[in-house]
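The values are calculated or read from the model by the stated rules, or taken from the named source; none is laboratory data. For clarity, every value in this text was computed on a predicted model and none was experimentally measured. Because the Cβ atoms are built from the backbone with ideal geometry, glycine has one as well, and the counts that use them run over all protein chains shown.
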Amino acid sequence: MQTVRVELGERSYEVTIGPALLASLGERVRQVSGATRLAVISDRTVFDLYGRAAIASLTSAGFTVAHHLIEPGDASKSLAVASEIYDTLYDAKIDRSSCLIALGGGVVGDLTGFVAATWLRGVPFVQVATTLEADIDASVGGKTAVNHPKGKNLIGAFHQPVAVMMDTDVLRTLSARDIRAGLSESIKHGVIRDAAFFEFHEQHAEEILRLETSVIEPLLAKNVAIKASVVGEDEREHGVRAILNFGHTIGHAVEVLGGYGTYRHGEAVAIGMVAAGRIAVLQGRWTQSQCDRMERVIERFELPTRAANLDAEAMIDAMQRDKKVKNGKIRFVLPTRMGFVDVFDDITVEQMREGIRAIGM
Ligand SMILES: NC(=O)c1ccc[n+]([C@@H]2O[C@H](COP(=O)([O-])OP(=O)(O)OC[C@H]3O[C@@H](n4cnc5c(N)ncnc54)[C@H](O)[C@@H]3O)[C@@H](O)[C@H]2O)c1
Ligand SMILES: [Zn+2]
């Protein structure tokens with residue numbers, strides 16, 4: 001078992017990573033909360049698999065536990081579903097001394113975090129992450145959100161959890177595709193912040209894909225530490241936190257134009273990283289050999305590096321609408337050497353077209 005601390009002053013918290021953690025959930029919540037009442041929020045798939053164990057652990061630690069189940073999938077990240085959860089919290093007499101427990105992936109985490117940020121102007125919540133996407137990215141950093149019909153994550157708040165738990169055993173029920181897609185942002189963390197960690201992916205790709213405990217626990221701990229250090233420097237994304245968007249400018253356009261559902265988020269980010277790497281090479285900021293090296297690792301994780309039917313002009317248009325655009329300029333996070341990136345806004349439209357051509361089939 002490993003523990004990584006997310007250092008955010010009075011909002012600091014610990015992330016616990018390891019096998020068989022679900023059984024000690026009650027004890028862990030007891031350490032961070034004086035609550036008597038809890039509400040567990042989960043989706044039906046996760047709850048069928050792990051709900052009983054989670055609730056047993058919580059009740060045996062003396063808590064009174066209500067629960068609310070949502071349908072799996074991003075469509076549940078809505079104000080309508082949040083409103084149904086508020087009804088459950090009201091009936092269960094959840095007050096500011098209570099605690100919410102998010103049991104699930106990024107959808108359950110973002111939604112529960114949003115509800116926790118807004119119910120009674122803010123109640124504590126604990127994240128029990130059950131997907132690699134949540135372990136590597138979504139559960140650390142305090143971004144919570146629901147979707148608006150016009151766009152993803154448009155309604156939200158910054159609200160940090162009081163503790164995060166990542167049980168590595170629960171990952172075994174994920175589909176192979178979700179495992180690969182979830183690992184995309186682990187590769188990203190290496191490229192943007194830690195060359196040795198990038199190399200870890202080169203050396204252990206097969207063991208990582210098999211979720212071997214000897215590699216998966218240190219891999220998750222490193223991801224949490226990298227994300228925590230970036231978020232610790234810039235909790236509300238005024239500056240350095242933007243580097244986490246490496247691969248996301250073009251990746252997001254691939255995701256939107258491919259139609260949500262065609263690509264998993266991590267797959268679109270993998271394609272976006274290849275395009276951004278190519279743009280960095282065109283601008284003379286990165287070497288072709290390092291860009292090729294990144295692409296080879298993405299391929300070894302069986303993630304896509306190319307996308308079919310890309311319309312460059314529509315993609316550039318979509319990028320200009322992205323909420324991360326500042327003063328009309330598209331900002332790109334580009335590698336300058338392995339483990340280092342910077343944010344640039346001087347990419348010409350021709351270079352963007354060339355980057356997009358590089359990921360075409
Ligand atoms: N807040 C952030 O910083 C942040 C960062 C990245 C992503 N996100 C958000 O996270 C969401 C995506 O997260 P996700 O990929 O975890 O999606 P998800 O929560 O929908 O989980 C994916 C699927 O896996 C199932 N599942 C979950 N755990 C399982 C397990 N252990 N075994 C078997 N099946 C399991 C779920 O029921 C679901 O069908 C998006 O809404 C995205 O916006 C947020
Ligand atoms: Zn992402």
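So which of ARG121, ARG52 ends up being at pLDDT 95 or above, out of contact with any Gly (no Cβ under 9 Å at 6 or more places or on another chain), within 16 Å of ligand 1 (Cβ to nearest atom) and among the charged types (D, E, K, R)?
Residue meeting the stated conditions: ARG52.
For a quick check of your reading of the model, give me the residue pairs whose first member lies in segment 319-342 and is of a type in the set (Ser, Thr, Tyr), whose second is part of a strand (DSSP E or B), with beta-carbon atoms closer than 7 Å and at least 6 apart or on different chains.
Matching pairs, first to second residue: THR336/ASP342.
Is it fair to say GLY190 is crowded, with 20+ Cβ neighbours inside 10 Å, within 14 Å of ligand 1 (Cβ to nearest atom), at pLDDT 95 or above and in a helix (DSSP H, G or I)? Show your work before the answer.
Details: crowded, with 20+ Cβ neighbours inside 10 Å: yes; within 14 Å of ligand 1 (Cβ to nearest atom): no; at pLDDT 95 or above: yes; in a helix (DSSP H, G or I): yes.
Spelling it out, it is not the case that GLY190 is crowded, with 20+ Cβ neighbours inside 10 Å, within 14 Å of ligand 1 (Cβ to nearest atom), at pLDDT 95 or above and in a helix (DSSP H, G or I).
Filter segment 166-183 for residues that are outside any helix (DSSP H, G or I) and buried (at least 17 other Cβ atoms within 10 Å of the Cβ); which is farthest from ligand 1 (Cβ to nearest atom)?
Ranking the candidates gives MET166 first.
Can you pull out every residue in segment 331-361 that is in contact with a strand residue (DSSP E or B) (Cβ under 8 Å, 6 or more places away or on another chain) and farther than 16 Å from GLY284 by Cβ?
Selection gives ARG331, VAL333, VAL343, ASP345, ILE359, GLY360, MET361.
Is it the case that VAL215 is more than 16 Å from ligand 1 (Cβ to nearest atom), free of Cβ contacts under 8 Å to residues at least 40 places away in the same chain and either in contact with a Pro (Cβ under 6 Å, 6 or more places away or on another chain) or among the aliphatic types (A, V, I, L, M) (or both)? Steps first, answer last, please.
Details: more than 16 Å from ligand 1 (Cβ to nearest atom): yes; free of Cβ contacts under 8 Å to residues at least 40 places away in the same chain: yes; either in contact with a Pro (Cβ under 6 Å, 6 or more places away or on another chain) or among the aliphatic types (A, V, I, L, M) (or both): yes.
Considered against the rule, which asks whether it is more than 16 Å from ligand 1 (Cβ to nearest atom), free of Cβ contacts under 8 Å to residues at least 40 places away in the same chain and either in contact with a Pro (Cβ under 6 Å, 6 or more places away or on another chain) or among the aliphatic types (A, V, I, L, M) (or both), VAL215 comes out as yes.
Spot the failing condition for GLY259; the list is (1) buried (at least 23 other Cβ atoms within 10 Å of the Cβ); (2) of a type outside the set (D, E, K, R); (3) modelled with pLDDT under 95, and only one is missed.
Going through the list (1) buried (at least 23 other Cβ atoms within 10 Å of the Cβ); (2) of a type outside the set (D, E, K, R); (3) modelled with pLDDT under 95, GLY259 breaks only (1).
Of (1) modelled with pLDDT under 95; (2) within 16 Å of ligand 2 (Cβ to nearest atom), LYS150 satisfies all except one. Which?
(2)
Is it fair to say GLU237 is within 16 Å of ligand 1 (Cβ to nearest atom), more than 14 Å from the chain's Cα centre (by Cα) and assigned to a loop (DSSP other than H, G, I, E, B)?
In short, yes.
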